[in-house]
There are 4 protein chains.
Amino acid sequence: MSKKISFACDYLEGAHPEILKKLMETNMVQTQGYGLDEFSESAKKKIRQACDAPEADIFFLVGGTQTNEIVIYSLLKSYQGVISAETGHINVHEAGAIEFGGHKILTIKQQYGKVNYKDIKQCLQYYWDDSNRDHMVMPGMVYISQPTEYGTLYSLQELEEISSVCKEYKIPLYVDGARLAYALACPENNVSLKDLARLCDVFYIGGTKCGALFGEAVVIPKHNFIPHFFTLIKQQGALLAKGRINAIQFDTLFTDDLYIKLGKIAIDAAQKIKEALKNKGYEFDVPSPTNQIFVILNQSQLDKIQEFVSLGFWENLDNGRKVIRIATSWATTEENVKKLIELL
Amino acid sequence: MSKKISFACDYLEGAHPEILKKLMETNMVQTQGYGLDEFSESAKKKIRQACDAPEADIFFLVGGTQTNEIVIYSLLKSYQGVISAETGHINVHEAGAIEFGGHKILTIKQQYGKVNYKDIKQCLQYYWDDSNRDHMVMPGMVYISQPTEYGTLYSLQELEEISSVCKEYKIPLYVDGARLAYALACPENNVSLKDLARLCDVFYIGGTKCGALFGEAVVIPKHNFIPHFFTLIKQQGALLAKGRINAIQFDTLFTDDLYIKLGKIAIDAAQKIKEALKNKGYEFDVPSPTNQIFVILNQSQLDKIQEFVSLGFWENLDNGRKVIRIATSWATTEENVKKLIELL
Amino acid sequence: MSKKISFACDYLEGAHPEILKKLMETNMVQTQGYGLDEFSESAKKKIRQACDAPEADIFFLVGGTQTNEIVIYSLLKSYQGVISAETGHINVHEAGAIEFGGHKILTIKQQYGKVNYKDIKQCLQYYWDDSNRDHMVMPGMVYISQPTEYGTLYSLQELEEISSVCKEYKIPLYVDGARLAYALACPENNVSLKDLARLCDVFYIGGTKCGALFGEAVVIPKHNFIPHFFTLIKQQGALLAKGRINAIQFDTLFTDDLYIKLGKIAIDAAQKIKEALKNKGYEFDVPSPTNQIFVILNQSQLDKIQEFVSLGFWENLDNGRKVIRIATSWATTEENVKKLIELL
Amino acid sequence: MSKKISFACDYLEGAHPEILKKLMETNMVQTQGYGLDEFSESAKKKIRQACDAPEADIFFLVGGTQTNEIVIYSLLKSYQGVISAETGHINVHEAGAIEFGGHKILTIKQQYGKVNYKDIKQCLQYYWDDSNRDHMVMPGMVYISQPTEYGTLYSLQELEEISSVCKEYKIPLYVDGARLAYALACPENNVSLKDLARLCDVFYIGGTKCGALFGEAVVIPKHNFIPHFFTLIKQQGALLAKGRINAIQFDTLFTDDLYIKLGKIAIDAAQKIKEALKNKGYEFDVPSPTNQIFVILNQSQLDKIQEFVSLGFWENLDNGRKVIRIATSWATTEENVKKLIELL
C-alpha cells in the first residue's frame, strides 16, 4: 500500500473509530431488516431533534449520487426538470443519473459553485412567460449543494432568498449536503441544520465524506411530502437489507455532536494549510472556507509535492499553471498537515 | 430490543466478526475510491481463483435488487425482456425494478422456484416462431436463482441444460446467488463456483445474506462482456465511494474458505431443525435442502411458537394451515436451534 | 398489387371517402398547429356531446399503442403497475411499450379476452393484504378493451362491476376502444359512449380501425384529471404538428352518426359470414359478437381458401387444426362477403 | 375561421393537392399494415435512388420530435449523451423527449443555430482527456439540423468537417431534416441528398413542414446499422398501422422532383420578402437563406402588420424591438406575399 500521504479527497479512510466500535458492540443483535429496527428509530429521533423537525421523515441511503437520483426522481413530474448550477454534481459527475431517471437538468450560471436567487427566478419566469412553454421542460425544483462542489457556502440570507423564490413558484428546494459536516463546523457558516429543515423541502446529511463508512441521511421535514418513498427507494435498488448498518453510523454521528466535531477537524486542518499557503505567497482559485482548498501551482511545484503527497488535479490554467485541490477530512492528522506544510 | 429469538430471515445480524476485525485493522489506511484500491484488487484475485476464471471482471455492489437491476439492464437491448420463473425475486419482490429499467419480465412456470430448460426453450421458440414477433418483446436473457427463493437447488445437469439452451439461442444466462453460500455448503449441491463461471455469463456471489454487512460480488467470467459496466453502475447510483469497504468484506470471506464455512453453519442448523420437524410429524411445503425451511403449521402451533420465536409467514393454505419459513444463517447459534426445537 | 381479397385485419384500406373529401375541402385553410385550431374545437365538441360529457378533455393521438403507452404512463405513479388480462394488447403486442415507460403489467386471468371484477378485486386485495407490499408493485389502474382483442364485449353490468371495484380501491379505469365502433354498432352491446364516459376515468375512441386514415380520440371525462397531458404527449413524440388532420377525421366520423354507421357495415358483414359458417358446420373458437370471427379450420380447408382470400392466422390447435381470424370492417364490401361465403 | 393571412409557421395548411389526389386514388386498395405494403416499397425505392444509397434502410415516422427521440435513443448506449447546439430543437422544444429516453444532451455553443466541428471535437476530447470520465456522460453521437432552427445552412465543407470528426471518434452523425426541402431548393445550398447519405449515419427527410399532411422519412444509408429498428419504433408507440398513408405521401413527393419544387416555392417567396424588407430598410437578426426570415420590428410596426397577418414572435431585443419570424412554405401564395410586402 502506498506510503505517500494523500490529500486527494475526503473519502480516503474507513470510518471514525467510534462508529466501528458501535458496529462491533451491536453486531449480534437480531433486528428486522429494511430500516424497521430500533437503531433506525434511535438515529432518526436524534436527527429530528438536531433539525428541530419533529415530524420529519428520515431515510438512510448509501451514497450521494444514489440519493440525488432518487430524491430528484421522486420530486419531479415526468414533464419537469431540475434547476442546477452548471457545476452541480448532478450535472457533471453523476454519469447522467438524473437523465437516466428521465429528467432534464436546467443549468444556470454560477460563481464558485453557487447560484443566485435572481438567476433561478429568471429561469422560472422565462419558462412561464414563454407562449411555447407546453413544448418545453417545466422547471420543477431547485438543486443546490451546501457546501458547494467548490467548497463555498450559501449564507443564511442567500438560502432564504432561494427558498423564497421556490415558494413563490411553488417548487421544492433540495439541498445536497454530501459534505454538510464541513459547512456546519465552519466559522463562516451561519446556516444551521434547523435552518435547512425550515427552508428546504428535502436535504441530505452526508455520511460518506464526513466520518461514516458510507451513508447519507435524507431529511424530509414535512411528513409524507414524498408518498411511498420507501418503495421508490426499493425500486431503484437502493434499499439496504440491513438498514441498521446505516442507522448505527448516523446514531453515532449524532451522539455528543460527533458530526460537528469531525467537521471541525477538517476545517481546522484546512485553515492551517490555507494560512501556510498564503504566507508562502500561493494564489487560490476559489475563496473556499470549508475543507477543500483550490490552490494554483505550476508544474515544478506540483511535481515536487506529488513525490510525497497525493493531491487532486482540478483544472489547467494558462502558462502551465494548474488548479490543484487539497481536501482535508475528519481523518486528517496533524502530522500529515505538518508534512504537507513543510513540503509547500 | 426484542428478547425473542428470530428465525425470520437470514439478514438479522451484522457481519461475521472476522469481517469487522479486518475493517478495524485497515480503517485508517488511505486508498483511492470507487474500487480502484489494493483491497479490491486482492478480493477480486481471490474470487477469480475460487471461480477458476482468471480473466473475469468482478464488481462489488451493495444489494441484491440493485445487482439484478443493473446486470439485467446492462445485458438487455431495449426491445428485449428477461425470462424468469413466476416466483423469481425480480418478478415479485423488487418493486418493479426491472420494469423501471424499461424491460418486461417474461415469466414461465416453475416448481419449487425452479424452472426447466424445456420451458425456457418453449418460451424462446414461441417468440421466434411467431410471425408477429416484431410487435412483441424478444426474450433476451435468462434469470435464475441458486439457491432459488424456495431454497431449492439446480443440479449441475439442470444448469448445463439451461446453459445449453441459452447458448443455442445466443442469449446470456444470469444467476442470482443472493444465498450462494448456502448452496455451496449444501451436501446435495453439485454446482461449484467453477461450474457457475463456466456455464453462466454473469452471476453474483451474495454477501448480504451470507456473512457480510452488505455486498454482492458480480462475476463476469469473460472480460469486457459488459462494456462500461463501471459507468452503468455509477449512472444507477450504485457505485460505492469507499469501494474498499465492500472489497475487504469479500476478501475476508474468500480467505481460508470462510464463505463456505459460514454456509455450513446455516446448513447444519437447518438440517437439525428439519430432522426435529420430521420426527415430530410436521409436514413441509417445499423439499428445500438449503437454509430455508418451509413448514406447515396451524394457527395454534404458530401462536405457541411465536410467543418466543419470530418466524416468516409465507402463505395461507386451506383449513387455516399456513406455510411458515424458518431461515437459518451464518449467525445461527446452536443455542437458538435447541430452543426452537424444544418449542416445536 | 395483390388481387386476392383480404379479411386479414381491419386496417387494410385508407379512410372512409367522406373523410378524404373533408380533408380536400379544408386543405388550404390556414390554422394553428398542435390541436389549437377550429377543427379540433369542433370535433371535441361533437365527441363531448356524443359522450354526454360536457367538461371532458379530449386529445387526438395517432395510434393505439401510442395511446395506451401515454395514457397508462400518465395515470400511474412510478411504483405502480397496471392490471390487465393476460391477453391484453398492452401485454402481448405492444413490444414492451408499457415497460419502456417503467411500469409492470400485472396480469390476471381472462376468458375470451375478458376479465372479471372478482379477479381484479383479488389482485388488489392480495397486494393490500401483503405485509411485504412495500417491496412489491402496487396495482394502480385497470386496463380493459371494449371490444376485447377477441371481439367479445363487456356488458353494462360487467363494466359497472369493474368500475365499482376501481372506485372502491380508488384507482382509475381505462378502456381501450381501438375497435369501439364495432362494439357500439353491435346488437348485443348495451354499453354506450355515455356509459363509458360515466364509468371510466379515461377511454379512447378508435379511429385507425374504424374508418379513419389513422387516429384515436382520448376522452378524459373529468376536466384536468391528467394535468399537463399536452406536454406528456409532446414529450413522448406523439403530438401531431397539424392536429387538424386528426380532428377533421373525427369531426367527420361524429357527424350524422357516421362512426356508428361504419361500425354497422362491419357487424352486418360479420353476421352474414358467421351464419354461413354455422350453416356449413364450422366450429368457432370464440363466441365473438363483433367484427372479428375466430373459426377453426384444418389445413386443407385453409389452403383452399387462402388461394383467393387472405386471412389472419391466430393459433394452432391439436390435430393440425388452426384458429383463423376473419376480420370485417367499415370497408368490407357485400361483394367480398359473397365471395368469401362461396369459398367456405 | 381567421381571415388574417398567416406567415407564422410552415405547417399551416394540409398537404400538397397531388398528395391528397394519390390518397384518393389508392384509398380502397387493400394492403398489409405496418409498412409492409407495395406503396412503402415504391417510396423507399425512390428515396434510395434520390440519395444514391441503394442499401439504405428507410422508415416512415409521423413527426419530428418522435423521429429525433427514437433515432437518438436507438443510437446511444445508456451511458452516452448526444452533442447538440444549445439551440437544437431537441434541447429546446421537445419537452424533454431525449431525457425521457434516458439521455443527456451535451450542448455546445452555436452561431445562428450552427455548430462548428472544432467545438464538437473539443467536447469529445475534453471527455476523453478527463481522468474522471467514467463518472461522466460519454458523448456518443452528434445531432445537427439542416437547415437549422434559424434557417441557416451547413455548407458541404462544414458537413464534411463534422462528419470527419465523428468518424475520428467513431460516433454516428445524425441530421434533422425537418425542413430539408427548403435547404435542397435553396440556391446557397451545396449539400445534396447524396452528400447527406454519404456523410451521415442517419438523417431524416421532413414531410410535415414540406408538403405532406405529416411524416418524416428516416434514411439509414448502411443497411442494418440500427438492428431491430422496427421494434424500437413499435415500442415507442410510433408505428403507423396503415404505413401506406405515410408512404404514399413520400412516394408522391419523390415523383417528378415534387419535393424540390415545393421547396422552391417557399424559397422564392422568402427571397421576395427579404428583398422587400431590405429595400425598406428593415434589419435582420439572422442571415438565413432558407424559408425562415428573422426580421427586427418595433412594437408599432408589429401592431400594424399583425392586424392583417399572423407572424411568429421569436425574441425580445432592447428598446422594445423584437425579432419576428416570417415563415414561407410550399403553400405560400404569390397573393399573400404581395399583401405582406404591401403591409411592411
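Only the coordinates and a few stated rules stand behind these numbers; no lab work does. Computed from a predicted model, the values in this text were never measured in an experiment. Reconstructed Cβ throughout: ideal geometry from the backbone, glycine too, with neighbour counts over all protein chains shown.
Placing dummy labels 7 Å off each Cα toward the beta-carbon, the span from A:TYR126 to D:ARG198 is 4.0 nm. For region B:227-239, putting each phi into the Karplus relation 6.51 cos²θ - 1.76 cosθ + 1.60 with θ = phi - 60° gives couplings of x, 6, 5, 4, 5, 4, 5, 4, 4, 9, x, 10, 8 Hz, in residue order, rounded to whole numbers and with x for Gly and Pro. Between identical copies, the spacing of A:LYS280 label points, each set 7 Å from Cα toward the C-beta atom, reads 7.0, 7.3, 9.8 nm from nearest to farthest.
For the options D:LEU75, D:LEU199, D:LEU156, a Gaussian network treatment of chain D with springs between C-alpha atoms closer than 10 Å singles out D:LEU156 as fluctuating the most. Calculate the length of the line joining the C-alpha centroid of region C:254-333 to that of region B:41-104, in whole Å. That distance is 46 Å.
Averaged over the residues of peptide C:33-40, the number of Cβ atoms from other protein chains lying within 10 Å of each residue's Cβ is 2. Within the listed set B:TYR127, B:TYR117, B:TYR154, the residue fluctuating most in the Gaussian network model of chain B (springs between alpha-carbon atoms under 10 angstrom) is B:TYR127.
The chain B residue nearest the rotation axis shared with chain A, using its Cβ and rounding the distance to whole Å, is B:VAL62, 3. Under 5 Å from the amide H of D:VAL137 lie the amide H atoms of A:ALA95, A:GLY96, each residue being 5 or more positions distant or on a separate chain, with H modelled from the backbone and absent for Pro and chain starts. When the square roots of the Cα gyration tensor eigenvalues are ordered a ≥ b ≥ c, the ratio a/c for region C:211-284 is 1.5 or more and a/b exceeds b/c, which makes its shape prolate.
Diffusion of region A:2-78 by Stokes-Einstein, at 37 °C in a medium of 0.692 mPa s and with Rh set to the Kirkwood radius over alpha-carbon pairs, works out to 206 µm²/s.
Bridge orientation summary for the protein assembly as shown: considering DSSP beta bridges with both residues in this region, about 60 percent are antiparallel. The relative contact order of region A:160-264, computed from alpha carbon pairs under 8 Å that lie at least 6 residues apart in sequence, is 29 percent. With q set to 0.06, 0.08 Å⁻¹, the log10 of I(q)/I(0) for the protein assembly as shown, from the Debye formula over equal scatterers at the Cα positions, is -0.59, -1.04. Each Lys and Arg Cβ is given +1 and each Asp and Glu Cβ -1; about its Cα centre, the protein assembly as shown then shows a dipole of about 0 debye. Per-residue shielding of A:206-219, expressed as the average number of other chain Cβ atoms within 10 Å of the residue Cβ, stands at 2. Shape of region A:101-142 from its Cα gyration tensor (a ≥ b ≥ c, root eigenvalues): rounded if a/c is under 1.5, otherwise prolate when a/b > b/c, or oblate? Oblate shape, in that a/c is at least 1.5 and b/c is the bigger or equal ratio. Mean projected area of the convex hull spanned by the Cα atoms of chain C, taken over all viewing directions: 18.4 nm².
Taking only alpha carbon atoms, region C:45-97 gives an Rg to Rh ratio of 1.06, where Rh is the Kirkwood radius. Dividing the Cα radius of gyration of region A:66-172 by its Kirkwood radius returns 0.94 for Rg/Rh. The ratio of the alpha-carbon radius of gyration of region C:233-344 to the globular-protein estimate 2.2 N^0.38 Å is 1.36. How big, in percent, is the set of alpha carbon pairs in region B:193-239 lying more than 18 Å apart? When every Cα pair of region B:193-239 is considered, 41 percent fall beyond 18 Å. A dipole drawn for region D:259-344 from +1 and -1 charges on Cβ atoms has a positive end, and of D:GLN306, D:THR332, D:ASN316 the residue lying farthest that way is D:THR332.
Work from the charge dipole of region A:143-220 (Cβ charges, +1 for Lys and Arg, -1 for Asp and Glu, about the Cα centre) and give the residue of A:THR148, A:CYS186, A:GLY215 farthest towards its positive end. So the residue furthest toward the plus end is A:GLY215. Under 5 Å from the amide H of C:VAL29 lie the amide H atoms of D:GLY14, each residue being 5 or more positions distant or on a separate chain, with H modelled from the backbone and absent for Pro and chain starts. Within a straight-line Cα-Cα reach of under 16 Å, A:LYS274 can be paired with the following lysines, leaving aside sequence neighbours fewer than 8 residues apart in one chain: A:LYS264, A:LYS338, A:LYS339.
Projecting the Cα positions of B:ASN27, B:GLN111, B:LEU199 onto the charge dipole of chain B (unit charges on Cβ atoms of Lys, Arg, Asp and Glu, taken about the Cα centre) puts B:ASN27 furthest along the positive direction. Quote the relative contact order of region C:210-344 in percent (integer), defining contacts as alpha-carbon pairs under 8 Å separated by 6+ residues. Computed over region C:210-344, the figure is 26 percent.
For region A:85-116, applying the loop criterion from DSSP together with a ceiling of 16 other beta carbons within 10 Å to the trypsin sites (Lys or Arg not before Pro) yields A:LYS109. Shielding value for C:240-247 is 6, the average number of Cβ atoms from other chains within 10 Å of each residue's Cβ. Express the relative contact order of chain B as a whole percentage, based on alpha carbon pairs under 8 Å and six or more residues apart in sequence. So the answer I get is 25 percent. Restricting region C:1-37 to trypsin sites (Lys or Arg not before Pro) that sit in a DSSP loop and have at most 16 other Cβ atoms within 10 Å of their own Cβ leaves C:LYS3, C:LYS4. Anyone know which of A:GLN111, A:GLN271, A:GLN146 comes out most mobile in the 10 Å Cα GNM of chain A? Evaluated over chain A, the most mobile residue of the options is A:GLN111. Note that region D:61-68 has calculated 3J(HN,Hα) couplings of 10, 8, x, x, 4, 4, 5, 4 Hz, one per residue in order, obtained from phi through the Karplus relation 6.51 cos²θ - 1.76 cosθ + 1.60 (θ = phi - 60°); glycine and proline are x.
The share of alpha-carbon pairs in region D:111-266 lying farther apart than 27 Å comes to 31%.
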